[in-house]
Amino acid sequence: MASERSEILAGIAVLAVAAGFLVYAGQSSGMGSTAGTYPLKASFRAVDGITVGSDVRLAGLKVGTITDLTLNPQTFFADATIMLRNDILLPDDSAILISSEGLLGGNFVEIQPGGSLENLSPGDEIEDTQGSVGLVSLLMKFVGSQSGNGGDSAGTDSGTSTGTGE
C-alpha cells in the first residue's frame, strides 16, 4: 500500500514538472500571451532561417518575437509581423535586418534604432529592411571576385619581386 502511494506521488510530480516545462517553452517561443506588446510590420526580400517565434533583438537583448510571416503576392517579399515590448519606443527611421549568430549559428531579427524624434506607432511599418544573406552566396561572391583579378596573383607577385636580381 505504501509503495502504491509513493508511485502515485512520483507520477504526479513528474506530470507537474512536465506541465511547467510546457508553459515555459510556450512563453519563451512567443506562443504565450502578447500582453504588454505592440505590433510592427516589415517587408524582407529573404527571411531564410527566420520562423514564427524567432527572436527580435535590440543591442543583443530580446525585445520581441516574430508572430507572422506571409508572402506578399504583389511584391514577392516576405511580410513579417513583429510583436515588440511596450517599453521599447523605436524612432521611425529605425532599421531592421536579419542577422546570424555566427558561422553555424541560427538567425535572428536585429533592430538598429534611428535618430528621429518621431516614434513608430503600433501597426506601423519599418521601411529600412535588410533580408538574410546566405553563406553560399557570400562564398560565391568571394570566389568570383578572386577569379576576376586577371590571373594568378601568386605568379604575378613572384615575378615582380625577383625581376631585378637584387
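The values are calculated or read from the model by the stated rules, or taken from the named source; none is laboratory data. Since the structure is predicted, the reported quantities are computational estimates derived from the model, not experimental observations. Backbone-built Cβ (ideal geometry, glycine too); neighbour counts: all protein chains shown.
Quick notes on this structure:
This table checks each residue for (1) acidic (Asp, Glu); (2) modelled with pLDDT under 90.
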| position | (1), (2) |
| --- | --- |
| LEU84 | no, no |
| GLU101 | yes, yes |
| GLY105 | no, yes |
| PHE108 | no, yes |
| ILE111 | no, no |
| GLY114 | no, yes |
| ASP128 | yes, yes |
| GLY131 | no, yes |
| SER137 | no, yes |
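- When ASP92, ASP55 are checked against the criterion of being acidic (Asp, Glu) and within 17 Å of the chain's Cα centre (by Cα), ASP55 stands alone in meeting it.
- Here region 42-63 is the region considered, the condition is being part of a loop (DSSP other than H, G, I, E, B), among the small types (Gly, Ala, Ser) and under 17 Å from GLY131 (Cβ atoms), and the residue that is modelled with the lowest pLDDT is GLY49.
- If you go through region 35-91 and keep only what is hydroxyl-bearing (Ser, Thr, Tyr) and crowded, with 16+ Cβ neighbours inside 10 Å, you end up with THR37, TYR38, SER43, SER54, THR65, THR67, THR81.
- Residue that is modelled with pLDDT of 90 or more, in a helix (DSSP H, G or I) and loosely packed, with under 13 Cβ neighbours inside 10 Å, where the choices are VAL23, VAL17: VAL17
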